[in-house]
Amino acid sequence: MSVEKKAREPCCSKLKMFLLAMSFVFFAKAFQGSYMKSSITQIERRFDIPSSLIGVIDGSFEIGNLLVIAFVSYFGARLHRPRLIGIGCLIMAVGSFITATPHFFQGPYEYETTISHSTSSNGTESALPCLANGTLTQDDESSMAEKQAECEKAAGSSLWIYVFLGNMLRGIGETPVMPLGLSYLDDFSKEENTAFYLACIQTVGIIGPMFGFMLGSFCAKLYVDIGSVDSDTITINYKDSRWVGAWWLGFLITGAVMLLAGIPFWFLPKSLPKQGESEAEKKSNAQEGEQDTFIPDNNKQTSKPAEVSMRDLAKDFLPSLKILFSNSIYILLMCTSFVQVNGFIGMITFKPKFMEQIYGQSASRAIFLIGIMNLPAVALGIITGGFVMKRFKINVFGAAKMAIAASVCAFCSLLVQYFLQCDNAQVAGLTVSYQGTPQVTYQQNSLISQCNTGCSCSLKHWDPICTSNGMTYASPCLAGCQTSTGFGKNMVFHNCTCIGELPITYTNMSAVLGQCPRKADCDFMFKIYMAVTVVGAFVSACGATPSYIILLRSIKPELKSLALGIQTLIVRTLGGIPPPIYFGALIDRTCLKWGSKRCGGQGACRIYDSVAFRNTFLGLIYGLYILSYLFWGVLYNRLSHYQKKLDLKNQLNQEDTAAAINGGETAPSASLKCSENPDQETTI
């Protein structure tokens, strides 16, 4: 009775403390990362950079990982893993603070506008949109040299480099968290509990993006220079494509949270007793678990040295890499992962912009909806996948089936999204002509029409107004507006001659600031789109935990940390760095109207061709997912092959046991056949 009895695990064991600390770190790093994703649009507008460059900035996190992850994963597995994670948290916090520093060195944000801010005696703003005989052009040319010099001296012209470096530092700090943390947990927990613990960590971690996107939505509604600029003088609101939110504020908050998350790891031990394992079981571990069923049996070491020097570790590094890369299942898993991560990273980076341009949502609302709808569905999917794995005790082969099925169903939801489209926003001279007919191609001179030829309009500036007929014009001047009343956001333009060019005559020839909202049917289409994306997010997340289990069960225990680190390195290098760059570069090609910097150069894009944007964005995602299924097919075939060999081995073992019990003479031959079979393959 006493032999069978095992010590009951205390409710506050160190393993559970580590589990809680890891969950909080996953929350904090996801909080940081998702806030960075939600701030992409604001950073792009603040520094007036194209989407391709913002993709480079976003990819700097993976560049930071690339620099150190292989060495941290290998050497860190032999060192004090919890303390290395604590150091990483400190570095991530510092990186977040550095990302916010450009705001404190930049001058006030000056958005492009054609409206004068001088106020007349009656309190209305003096704006003469339509100036005849080139007056406006001459004024612009006379001040061009002065503005050019001012722009060159502006502190914010190249401060985006600090955002790049801060994000890279976050990537360096994040390096030890996943490979060392997950291997530490898997080493000291029960085998049947690993999947559930991983699901718990990932589920708590997915709450981080929920808060990150909600914080991003909140900061996007606050003006970038909040507290230092009179809000009454601002002529744009948070729905305007020139609006920049208080992006810097969130980085200070996420940095403080990460600083707190790293504290517990400084007080955790280097190693722990195996969960639920007695001393006798530790000494006579039979190694009959699933961990060894997909691992080569040859060259086993029966004993390990108590102390290993750094020199010996360095000498063993390349042989360990050779063993790791001879594992075909591990290689196929990495290929599948980095292709799917390409599609996921590209999608999540530009999804808020996709929702803005296709469905006319504001950046703030798009970010908020992702946070409160898509991410809870992902959290529920991850915990569901982990629960199913634990409840039905699914093996590696079953995990592969589950992961593939989830991925295919998620792809079907992506296909449905292609047909949930809205028409282009009606912008005179860009998407439609001044007569209201669809615009086939865009040219710079298409902004000029007979109704505004008498005005000296700038073709570079984007200062949209919405007329009473639902048409958007690039500026009050290009709409032919003659006069204006009001001040700031309440400004109204009158006698806009271009409205009269439409087939239907409008008696009200006035316009207000801002772009016109989309039609009512587009809002209904957006609701269907959100419902489809929520279902797709849930189904896709159900395959996350099974994929991790395939990886953990297909490598040797002593190479677990290195395998996770190399996998993270390759997936983030090939799956994290390129997608924001090439997604952004191709999305830039669908831009219809670029903004202008203070010095006259090309700024951030103000409006895209929504049809071309949708085809480019979804087309890239479809292509990447189809490529990943080719790798999944090969991987499934390999796992099926090894599962058949495993079943045959078990069958021969049963026959051998039965023959030994019955005293038969066929036992040795069966045993010989069983032992020969595994040695035919030396690597997975």
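May I ask you to say which residue of Ser475, Ser547, Ser484 is of a type outside the set (A, V, I, L, M) and assigned to a helix (DSSP H, G or I)?
Numbers: Ser475 fails: assigned to a helix (DSSP H, G or I); Ser484 fails: assigned to a helix (DSSP H, G or I).
None of the others qualify; the one that does is Ser547.
Would you confirm, using the coordinates I've provided, whether Ile49 is in contact with a strand residue (DSSP E or B) (Cβ under 7 Å, 6 or more places away or on another chain) and open to solvent by less than 10 Å² (accessible area, probe 1.4 Å)?
Details: in contact with a strand residue (DSSP E or B) (Cβ under 7 Å, 6 or more places away or on another chain): yes; open to solvent by less than 10 Å² (accessible area, probe 1.4 Å): yes.
Taking the combined requirement at face value, the residue satisfies it.
Examine region 386-393 for a residue that is of a type outside the set (Lys, Arg) and crowded, with 23+ Cβ neighbours inside 10 Å, and state whether such a residue exists.
yes
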Consider Lys593 against the criteria (1) modelled with pLDDT under 85; (2) over 26 Å from the mean Cα position of the chain (by Cα); (3) buried (at least 16 other Cβ atoms within 10 Å of the Cβ): it satisfies all of them except one. Which criterion is unmet?
-> (1)
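I need the full set of residues from region 142-198 which are among the hydroxyl-bearing types (Ser, Thr, Tyr), open to solvent by less than 10 Å² (accessible area, probe 1.4 Å) and modelled with pLDDT of 75 or more, in order please. First the steps, then the outcome.
Pass one, region 142-198, residues among the hydroxyl-bearing types (Ser, Thr, Tyr): 142-143, 157-158, 162, 175, 183-184, 189, 194, 197.
Keeping just the survivors that are open to solvent by less than 10 Å² (accessible area, probe 1.4 Å) gives 175, 183-184, 189, 194.
Matches in region 142-198: Thr175, Ser183, Tyr184.
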Does Pro546 satisfy the criteria of being touching a helix residue (DSSP H, G or I) at 6+ places or on another chain (Cβ under 8 Å) and within 25 Å of Val408 (Cβ to Cβ)?
-> yes
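Conditions tested, residue by residue: (1) modelled with pLDDT of 85 or more; (2) in contact with an Asp or Glu (Cβ under 7 Å, 6 or more places away or on another chain).
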residue: Lys351; (1), (2): yes, no
residue: Phe354; (1), (2): yes, no
residue: Gly360; (1), (2): yes, no
residue: Ile383; (1), (2): no, no
residue: Phe392; (1), (2): no, no
residue: Ser413; (1), (2): yes, no
residue: Cys422; (1), (2): yes, no
residue: Gln435; (1), (2): no, yes
residue: Asn452; (1), (2): no, no
Name the single residue, out of those in region 11-46 being touching a strand residue (DSSP E or B) at 6+ places or on another chain (Cβ under 7 Å) and farther than 17 Å from Ile370 by Cα, that is surrounded by the fewest Cβ atoms within 10 Å (Cβ to Cβ).
-> Glu44
Scanning for something assigned to a helix (DSSP H, G or I), open to solvent by less than 40 Å² (accessible area, probe 1.4 Å) and modelled with pLDDT of 55 or more, does region 231-246 turn up at least one residue?
-> no
Kindly establish whether Gln275 is surrounded by 12 or more Cβ atoms within 10 Å (Cβ to Cβ), at pLDDT below 55 and either under 35 Å from the mean Cα position of the chain (by Cα) or of a type in the set (Ser, Thr, Tyr) (or both).
-> no
In region 58-76, is there at least one residue being over 26 Å from Ile87 (Cα atoms), assigned to a helix (DSSP H, G or I), open to solvent by less than 10 Å² (accessible area, probe 1.4 Å) and hydrophobic (A, V, I, L, M, F, W, C)?
-> no
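The values are calculated or read from the model by the stated rules, or taken from the named source; none is laboratory data. None of the values given here were measured: they were computed from a predicted structure. Every residue, glycine among them, receives a Cβ derived from its backbone with ideal geometry; neighbour counts consider all protein chains shown. Note: areas computed on protein heavy atoms with side chains; ligands, DNA, RNA excluded. Shrake-Rupley method; radii C 1.70, N 1.55, O 1.52, S 1.80 Å.
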